[in-house]
Protein chains: 2
Amino acid sequence: MLRRVDHVALAVSDLNASIEHYQRVWGLTLSHREVVAEQGVEEAMFRLGDTYLQLVAPLDADTPVGRFIQRRGEGLHHIAYEVDGIEAALATAREHDLVLIDKEPRRGSRNTRVAFVHPRTNHGVLVELVEIPHN
Amino acid sequence: MLRRVDHVALAVSDLNASIEHYQRVWGLTLSHREVVAEQGVEEAMFRLGDTYLQLVAPLDADTPVGRFIQRRGEGLHHIAYEVDGIEAALATAREHDLVLIDKEPRRGSRNTRVAFVHPRTNHGVLVELVEIPHN
């Protein structure tokens, strides 16, 4: 069902400051940057092996990532898995009684289709399922 | 400096229950399981693409992972990066004024040499640097 880790997402307050940190300290090269208004974030991606590090910064304080940072501070936010078909992955999650944040896929960055699974029934880990467009 | 994400570590209370969850719900196959007494944990690894998901369970409550779970609950714990040479990676981290948990490398699971970098100077993310033995 899971093909690979598509990305590991880190919640950050100031996207430019964190991009600079990951470039200067860890020597990474920025691959992609995009505002995803539907999720209330701006994202920056760094390729690392067959996965990405993703920095996600809230567009304002009253967004899921904004509230996460107010509550817990900056840090690890979610893990995203590439799946072959997102409807099938959502059906499997439903069969196993996982609590879904998204009952239907929605648009993610890079023209992906994504759906989030709630941490409550997944040992505290927020999961994003990602279907990558192949064309 | 960073070659790839070696693993993403998830803190869990009950290792057997979480292994069962990742096998049954997410369809993963267990690759490795090991007690690392020096770190006060038992670990389980699932291969996923060129990285691993790692479950870490505390050997008792008064360990770093035990205290993490008491404070924040189960969830994303740290991200581990493979580096070519751990001494050079530690020297780079020191040059950039990162706070090190380990000033010298110590033994990790799978005969790796590892060192942890404190979240405080790394935008809230606990990092493990990992040198893999090549022989």
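Structure notes:
Here's the yes/no breakdown for (1) among the small types (Gly, Ala, Ser); (2) open to solvent by 10 Å² or more (accessible area, probe 1.4 Å); (3) in a loop (DSSP other than H, G, I, E, B); (4) closer than 23 Å to A:Ser18 by Cα:
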residue: B:Asp62; (1), (2), (3), (4): no, yes, yes, no
residue: B:Arg67; (1), (2), (3), (4): no, yes, no, no
residue: B:Arg71; (1), (2), (3), (4): no, yes, no, no
residue: B:Tyr81; (1), (2), (3), (4): no, no, no, yes
residue: B:Ala88; (1), (2), (3), (4): yes, yes, no, yes
residue: B:Leu98; (1), (2), (3), (4): no, yes, yes, yes
residue: B:Arg110; (1), (2), (3), (4): no, yes, no, no
residue: B:Arg120; (1), (2), (3), (4): no, yes, no, yes
residue: B:His123; (1), (2), (3), (4): no, yes, yes, yes
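- Taken across the range B:58-79, residues that are among the polar types (S, T, N, Q) and under 11 Å from the mean Cα position of the chain (by Cα) do not occur at all.
- Selection within the range A:5-30 - of a type in the set (S, T, N, Q) and open to solvent by less than 60 Å² (accessible area, probe 1.4 Å): A:Ser18
- Options A:Glu43, A:Glu128, A:Glu34: the member that is in contact with a His (Cβ under 7 Å, 6 or more places away or on another chain), assigned to a strand (DSSP E or B), more than 12 Å from chain B (Cβ to nearest Cβ) and open to solvent by less than 40 Å² (accessible area, probe 1.4 Å): A:Glu128
- Of all residues in the range A:1-31, exactly one satisfies the criterion of being in a strand (DSSP E or B), of a type in the set (Gly, Ala, Ser) and either touching a Gly at 6+ places or on another chain (Cβ under 8 Å) or on the phi > 0 side of the Ramachandran plot (or both), namely A:Ala11.
- Failed criterion for B:Trp26 (all others in (1) within 11 Å of another protein chain (Cβ to nearest Cβ); (2) within 13 Å of the chain's Cα centre (by Cα); (3) not polar (S, T, N, Q) hold): (2)
- Restricting the first member to the range B:20-40 and to residues that are over 15 Å from B:Leu53 (Cβ atoms), and the second to residues that are assigned to a helix (DSSP H, G or I), the beta-carbon pairs closer than 9 Å and six or more apart or on different chains are B:Val35/B:Ser109; B:Val36/B:Ser109; B:Gln39/B:Pro64; B:Gln39/B:Val65; B:Gln39/B:Ser109; B:Gly40/B:Pro64; B:Gly40/B:Val65; B:Gly40/B:Gly66.
- Any chance A:Ala93 is open to solvent by less than 20 Å² (accessible area, probe 1.4 Å), touching a residue at least 24 places away in the same chain (Cβ under 8 Å) and within 25 Å of B:Asp14 (Cβ to Cβ): yes
The values are calculated or read from the model by the stated rules, or taken from the named source; none is laboratory data. Note that this is a predicted model, so its numbers are computed, not measured. Cβ coordinates were reconstructed from backbone atoms using ideal geometry, including for glycine residues, and neighbour counts include every protein chain displayed. Just so you know, the surface numbers come from the protein's heavy atoms only, side chains and all, with ligands and any DNA or RNA stripped out. Shrake-Rupley method; radii C 1.70, N 1.55, O 1.52, S 1.80 Å.
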